[in-house]
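These notes concern the structure reproduced below.
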Ligand SMILES: Cc1cc2nc3c(=O)[nH]c(=O)nc-3n(C[C@H](O)[C@H](O)[C@H](O)COP(=O)(O)OP(=O)(O)OC[C@H]3O[C@@H](n4cnc5c(N)ncnc54)[C@H](O)[C@@H]3O)c2cc1C
C-alpha cells in the first residue's frame, strides 16, 4: 500500500465485491489504480448471506475466474462447505455454491489487495466527483483532499443515502455498523443522473450454542468438494454442516399479527425490494397457502459462534423477531445476537450507462455493482470486472470488451441492464439466459479463454492451465467416441445420477455389445458413476469426464442452440449507425422513438430487446441501417 498520490490513471470508489474486482483486473492489465474506500476493515464484506455462488450466480463466478477475476479464488480459500446445486436437473442449471467464512474472506481479500501490484488502497470517504466539460477529472474526499484521475469507477453498493429499518426504528447507514455515504447521491443527481430508491434486507443472527441442531436435518457438502476456480489445484477442506428447519403455523400467525409494525407494511419503506429474495413478511403474505417455509442455519464462519438464519430476512421489531425465532423447531431456546433489518438506498437505473459500464453522459465515469440496481455479490463482482477491463482498455486506446449473450452470463447481465434497465433489484437466473445450455458452469473456461487472451487478463501460465482443461475435456470426448461398449449396459432410468435428466432418447434400441460408448452416453444408457469408474477414462479426471459426457449427451440440443445463435447473430451484427439519430425517424412509434433515442442500442438485436420497441419499429430501423450500409458502400447484411 503506497502513499496516496495526487493523481491516478484510474480511481475506484468502494472496495466491495465490484470495486475489488475492478481494481485488481485493471492493475493486472498494467494500470496504476487508487482504490478508495470508507474502511479497510470492511473490504469485500458480505453483509448478508455467508455464501458465494448459487443458481446462475455460480456460473458468473466461474466466468469471472476464466476472465482473470479473483472472486472464485478467494471463495475457494475461505469456503467452508461446497455444493453443486440442481444436480437432479439438466446440467445447464447445475450451479456451484460455497458457504463462506466471511471474516476469512475479508482478510484474504485485503491481503490480496495489499500485495497487488499497482493497487493503492486509500481509506477515505468520497463526497464528490470532479467533472470538467462532461469528462471526469477526479474525486473530492471528506477530509477536503482531491485526487485526480483519468477514469473513475464508482461502486458504492447500498451506501447511497442508506437508511436502515428495524421495526419503527430508522437510522442512517449502508450496512449495520457502517455510516451512510450521503454525498454521492447528491452529486450524481447534480450531474444529471436519475436515481431511484431500492431496498434489501437481512435476517437476524443467532448464537450457535443456543441452537438445538438435533431438531433439524443436517445439510452436507459434496464429497469431494469441487473448487470454483480453474486455478485451484486441490480443495482440502474440513467441511462444516448447515442445518434445515421449517417455519410453523405459529410463526406465520405471529408475523401476521405484527405486520402493522413492519416498515415494509407501514409504508415507511418506499424502495422496491428484491422479488426473489423476499422478506419472511412477504412470504407469509404472498404465499399464504404454504404451510411452511424453509429456514437454513448457516455458520458465518469457522471461528465465530454467529449463525445466519437464511430465509428469515425481516425488519420486524427486535422483540417480535425474538418471539418469531422461538416458534421454529430447533430455535425454541435460541439467543438472537443481532436483529434482521431492511436497508433502503439509491441506485442509478442502468439505462444511463453503456455496455462498457461507462456512463452515457460523463466520459471516463463508470458505474458497477449494486449502484446499477443489481443485488448479489456475484452480479456486482462481474460488473466490477468488466468495468475494470473496459476502463483499462479505454485508458490504453484499445477496443472495449463487450460479451455477447451467447458467450457468457456476464454478457446477459450487462445487456439486460443497459438495454432493458431495471426498476427493482436485478438478480441473475438461469432462465435469464436464452442460451443457457451453452453457458454452463463446466465450459466457462473454454468460452472465455480467447477473450482473456485478447484483452490480457490472464498470464501465460493461467492461459496454459485453461488450455489444459479444454484439451482434457475434448480428449475425453474423443475417447468416448472411439471406445466400444463391452457388454450391453443397463437401460437408463435404473441407474442413479445418469448424466442429465433427459429420459433415454425415444426409440433408442437396447444397446448391443460392441457399439460405441458415446452412443450409450448420448442415449442416457450409462450413468456418470459408470463413466467415472472406467479405467480407460480415469486419466482425464472427474470434471473432464463429466463435461465430456454432457457435450455428448446434449450434442443435439447444443447444435440446435448454436444454430439459433447463428440466426440471431445476423441481427446482432447489423449495427445501427450513429448517423441514424440525426434522422427524424417519424415512422417509429412515439414510445419506440423515445427509447431508441435515449438508449442508443448498438445493434438491431439490442433494439429489439428494449421493452416498448415494436417489431414495426425494428423494420423501420432495418430500412435505415441497410440504406446507411449501402451509402457507405458496404455489402447488405447477410440475410
Ligand atoms: C442488508 C443487506 C442484505 C443483503 N443480502 C444479500 C444476500 O443475501 N446475498 C447477496 O448476494 N447480496 C446481498 N446483499 C447485496 C450485496 O451485499 C450487494 O449486492 C453487493 O455487496 C454489492 O457489491 P458492491 O461492490 O456493489 O457494493 P458493496 O459490496 O456494498 O461495497 C460498497 C463499498 O463501497 C464503500 N463505499 C460506499 N460509498 C463510499 C464512498 N462515498 N466513499 C468511499 N467508499 C464508499 C463501502 O464502504 C463498501 O466497502 C445485501 C446487502 C445488504 C446491505
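Since every read-out is calculated from the coordinates, none of them should be taken as a lab result. Here the structure is a predicted model, which means the values were calculated and not measured. Heads up, the Cβs are rebuilt from the backbone with ideal geometry, glycines too, and the neighbour counts pull from every protein chain shown.
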Working note, the stretch 143-267: Cα radius of gyration (Å, one decimal) and Dmax (Å, whole number) are 22.0, 58
For the chain, averaging the sequence separation of alpha carbon pairs under 8 Å that lie six or more residues apart and dividing by its residue count, the contact order in percent is 16 percent
Exposure-ranked with fewest Cβ neighbours within 10 Å first, 24, 48 stand as 48, 24
Hull surface over four for the Cα convex hull of the stretch 401-490, reported in nm², is 9.1 nm²
Scoring the stretch 1-84 by relative contact order with C-alpha pairs under 8 Å, at least six apart, yields a percentage of 25 percent
Stretched fully, the stretch from residue 207 through residue 432 gains (0.36 nm per residue minus C-alpha distance, one decimal, in nm) 77.3 nm
Cα-based Rg/(2.2 N^0.38 Å) for the stretch 540-639, rounded to two decimals, is 1.49
Quick numbers on the stretch 323-429, Rg and Dmax over C-alpha atoms in Å, give 18.6, 62
Short to long, in 10 Å steps from zero, the percent of alpha-carbon pairs of the stretch 196-267 per bin is 12, 26, 28, 22, 11, 1
Summing -39500 (n - 2.57) over every DSSP H run of at least 4 in the chain, dividing by its residue total and rounding to the nearest 500, the 222 nm mean residue ellipticity is -10000 deg cm²/dmol
Per its Cα gyration tensor (rounded if a/c is under 1.5, else prolate when a/b beats b/c, else oblate), the stretch 189-236 is best filed as oblate
Normalised per residue, the volume inside the convex hull of the alpha-carbon atoms of the stretch 67-193 in Å³ amounts to 213 Å³
Residues of the stretch 596-619 with backbone N under 11 Å of the label point set 7 Å from the Cα of residue 626 along Cα→Cβ are 619
So the FRET efficiency between residue 591 and residue 240, C-beta based with R0 = 60 Å and rounded to 0.05, is 0.70
Within the stretch 240-270, the residues whose backbone N lies under 14 Å from a label point placed 7 Å from the Cα of residue 319 along the Cα-to-Cβ direction are 258, 261
Scattering profile of the stretch 1-46 from the Debye formula, Cα beads only, expressed as log10 I(q)/I(0) at q = 0.13, 0.16, 0.32, 0.33 Å⁻¹, is -0.27, -0.40, -1.24, -1.27
note: the stretch 10-113, Cα-Cα separations exceeding 20 Å make up a percent value of 40 percent
Exposure-ranked with fewest Cβ neighbours within 10 Å first, 133, 45 stand as 133, 45
At R0 = 56 Å the Cβ-Cβ FRET efficiency linking residue 189 and residue 560, nearest 0.05, sits at 0.75
One finds, for residue 232 and residue 424 with R0 = 41 angstrom and r their Cβ-Cβ distance, a FRET efficiency to the nearest 0.05 of 0.70
Between the alpha carbon centres of the stretch 229-261 and the stretch 59-113 the gap in Å comes to 18 Å
Computed on Cα atoms, Rg of the chain relative to 2.2 N^0.38 Å comes out at 1.00
Exposure proxy check on 557, 341: fewest-to-most Cβ neighbours within 10 Å is 557, 341
Given 56-66, 266-276, 284-294, the highest-first ranking by average Cβ count within 10 Å works out to 56-66, 266-276, 284-294
As a percent rounded to 5, the proportion of antiparallel DSSP bridges among beta bridges in the chain is 70 percent
In terms of the alpha carbon gyration tensor, root eigenvalues a ≥ b ≥ c, rounded if a/c is under 1.5 and otherwise prolate when a/b exceeds b/c or oblate, the stretch 241-388 is prolate
